[in-house]
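Undergrad: Have a look at the structure that comes next, please.
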Amino acid sequence: MADARPVAERSSGFVLLGLVTAVQLLATFAVLSLPTLAPRAAPTFGVGPEAIGLQISIIYLAASLFSNIAGVVVRRHGAVLASTSALVISGLGMIGVASGSLVIAAIGSVLLGIGYGLTNPAASHLLVRHGPRERQNLVFALKQTGVPIGGVLAALILPQLAERIGWQWAIMASSALLGALALVMLPRRSQWDGDRDPSARASGGLLAGAYFALTNPTLRSLSLMGGSFASFQFCLMSYVITMLVAELKWDLVSAGMVASVMQAGGALGRIGWSLIADRIGRGIEILMTIGVLASVLAVTTAFITPAWSAAAIVPLLAAFAFCLIGWNGVYMAEVARTAGPTNVGIATGGVLVFNFAGVVLGPSLFGLLAKLTGSYAATYGIFAVVPLIGVTALGFALRRKAQEA
């Protein structure tokens, strides 16, 4: 009988991890629903497929702005209610983008950003308070695998569904998955939202999250690092297929397969780096190592030519993704550890303001440099400096900690 309570607690922790991972997966699926079907959807809107970049910017700008107050929402109303709200709002956003109207699709994209901005602060709050504690880095990494898995599922499911029922119905039908998960999650509120505080307030108003992150020296360094890493991560996956097809003369199907391999490498990276961090207990040093390796791999990518074999290119790009997609789990755990259980929601929302800002700005700058240089491969080499900005910021954080010790 003495073991019943610990077993029950561990079982509850694993259920929680599964649910928050599913929320992350479906929120990512929702964000990528229109980009995945852009070639089919563009004629309905009367624009070219390249206009999808504007929709991505709207989503991440909304996510960045809403992340500021997401932590306060979590503290006042509970992380379970915040998670279910994220699913419902994202589902409505999917219906909006499936409308075929540019105005309604823009509103739907804002809703997708709001939903996405809620997911991480709510999940971090739940995992710190109720999740398995013995391997926190791994727990956060497993939750973050929902991002690449969501991307893979969107690529596998939506095009085939669109072939059968049309792109608009494919998105609307898929939105039902988010509603179903919300119904599964909401009954857990009585179990996991007991710490909600209706009177909770945060200084900074609409900029509460960013204000909190910037006033803590370590979180400030993590914010700068997250913005630089996220910026380059999004550039890596946004332009790699174009590089393979336009510069290296690969066919689109083969390039798409490489992108899938990279997503898988990124998911493995999130788990692998987190296992190392749990073992040695030095999350910031692991993040610095990832940044340096990503920079080296970026410089190596700059030298790729059509003469390179697939046997050389695919492992290089998979290793690149292992680093540049694999940092998020260690990062989220480090933010949670720095903030503490009470402030983890607002801290996560605060640092993500800078992550999302990097996603908004990075691809545009990358595209401009690619146009100026005439080479996507060369631009990856130029962008090698971006993760080093984050490494430098973390170096200052370590120096401060050493001085305080």
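The values are calculated or read from the model by the stated rules, or taken from the named source; none is laboratory data. None of the values given here were measured: they were computed from a predicted structure. Backbone-built Cβ (ideal geometry, glycine too); neighbour counts: all protein chains shown. Please note that ligands, DNA and RNA were not included when accessible areas were found on the heavy atoms of the full protein model with its side chains. Shrake-Rupley method; radii C 1.70, N 1.55, O 1.52, S 1.80 Å.
Undergrad: With an 8 Å cut-off on Cα pairs and a minimum separation of 6 or more residues, tell me the relative contact order of the stretch 302-405 in percent.
TA: Reported relative contact order: 31 percent.
Undergrad: Suppose R0 equals 45 Å. What FRET efficiency, 1/(1 + (r/R0)^6) with r the Cβ-Cβ distance, do Arg399 and Thr373 give to the nearest 0.05?
TA: Given R0 = 45 Å and the Cβ-Cβ separation, E is 0.80.
Undergrad: Here are some values of P(r) over Cα pairs in 20 Å bins from 0, in percent: (i) 26, 58, 16, 0; (ii) 28, 59, 12, 0; (iii) 23, 46, 26, 4, 0. Which one was computed from this structure?
TA: So the calculated entry is the one marked (ii).
Undergrad: Pick from Gly326, Gly46, Gly283 the residue whose mean-square fluctuation is largest in a GNM of the chain, springs joining Cα atoms under 10 Å.
TA: Maximum fluctuation in the GNM of the chain, among the listed residues, is at Gly46.
Undergrad: May I ask for the distance between the Cα centers of the stretch 108-124 and the stretch 23-92, given as a whole number of Å?
TA: Spelled out, the Cα-based centre of one part sits 6 Å from the other.
Undergrad: If you take the beta carbon distance between Leu275 and Val314 as r and set R0 to 22 Å, what does 1/(1 + (r/R0)^6) give as a FRET efficiency, to the nearest 0.05?
TA: According to the calculation, E is roughly 0.40.
Undergrad: In vacuo Debye scattering of the stretch 240-365, one point per C-alpha: log10 I(q)/I(0) at q = 0.21 Å⁻¹?
TA: Listed by q, the Debye log ratios stand at -1.25.
Undergrad: State, to one decimal in nm, how far the label point of Ile104 lies from the label point of Ala176, with both points 7 Å from Cα in the Cβ direction.
TA: 1.9 nm
Undergrad: Let me ask something additional. How much length would be gained if the chain were fully extended between Asp195 and Val292, taking 0.36 nm per residue of separation minus their Cα-Cα distance, in nm to one decimal?
TA: Separation in residues times 0.36 nm, less the Cα-Cα distance, equals 30.9 nm.
Undergrad: What trypsin sites (Lys or Arg not before Pro) does the stretch 244-279 have in DSSP loop regions with at most 14 other beta carbons within 10 Å?
TA: Lys249
Undergrad: Which value, in Å² rounded to 10, gives the accessible area of Trp250 with a 1.4 Å probe and all protein chains present?
TA: In the full protein context, Trp250 sits at about 50 Å².
Undergrad: Leaving out ligands, DNA and RNA but keeping every protein chain, what accessible area does Asp251 have, in Å² rounded to the nearest 10, with a 1.4 Å probe?
TA: Number for this one is 80 Å².
Undergrad: For the stretch 331-384, what value does the Rg/Rh ratio take when both radii are computed over Cα atoms and Rh is the Kirkwood radius, given to two decimals? Intermediate values should be presented prior to the final figure.
TA: Details: Rg = 16.2 Å, Rh = 13.1 Å.
A ratio of 1.24.
Undergrad: At a threshold of 8 angstrom on Cα-Cα distance, excluding pairs fewer than six apart, so keeping six or more, what relative contact order does the stretch 170-308 reach in percent?
TA: Reported as a whole number, the value is 14 percent.
Undergrad: Rounded to the nearest 20 debye, what is the charge dipole size of the chain about its Cα centre when +1 sits on each Lys and Arg Cβ and -1 on each Asp and Glu Cβ?
TA: Value, rounded to 20: 680 debye.
Undergrad: Before rounding to the nearest 500, sum -39500 (n - 2.57) across all DSSP H runs of length at least 4 in the chain and divide by the residue total; then give [θ] at 222 nm in deg cm²/dmol.
TA: Value at 222 nm, helices only, nearest 500: -27500 deg cm²/dmol.
Undergrad: Another one. Quick one: Karplus J couplings for the stretch 74-90, per residue in order, coefficients 6.51, -1.76, 1.60, θ = phi - 60°, nearest Hz, x for Gly and Pro?
TA: Rounded to whole hertz, the list is 4, 5, 7, 10, x, 6, 5, 5, 5, 5, 5, 5, 4, 5, 5, 4, 5.
Undergrad: Then there's this: Rank these residues by their accessible area, most exposed first, probe 1.4 Å: His130, His77, His125.
TA: Final ranking, largest accessible area leading: His77, His130, His125.
Undergrad: Roughly speaking, what is the centre-to-centre gap between the stretch 376-395 and the stretch 204-279 when only Cα atoms are used, to the nearest Å?
TA: Taking the Cα centre of each part, the stretch 376-395 and the stretch 204-279 sit 12 Å apart.
Undergrad: Sticking with this one: So which residue, out of Val74, Val292, Val110, gets the largest mean-square fluctuation from a GNM of the chain using Cα contacts under 10 Å as springs?
TA: Val292
Undergrad: Positive end of the dipole of the chain, charges at C-beta (+1 Lys, Arg; -1 Asp, Glu), about the Cα centre: which of Ser375, Ala180, Ala41 has its Cα farthest in that direction?
TA: Projecting each Cα onto the dipole axis, the largest value belongs to Ala180.
Undergrad: How high is the relative contact order of the chain, given as a whole-number percent (alpha carbon pairs under 8 Å, six or more residues apart)?
TA: After rounding, I find 25 percent.
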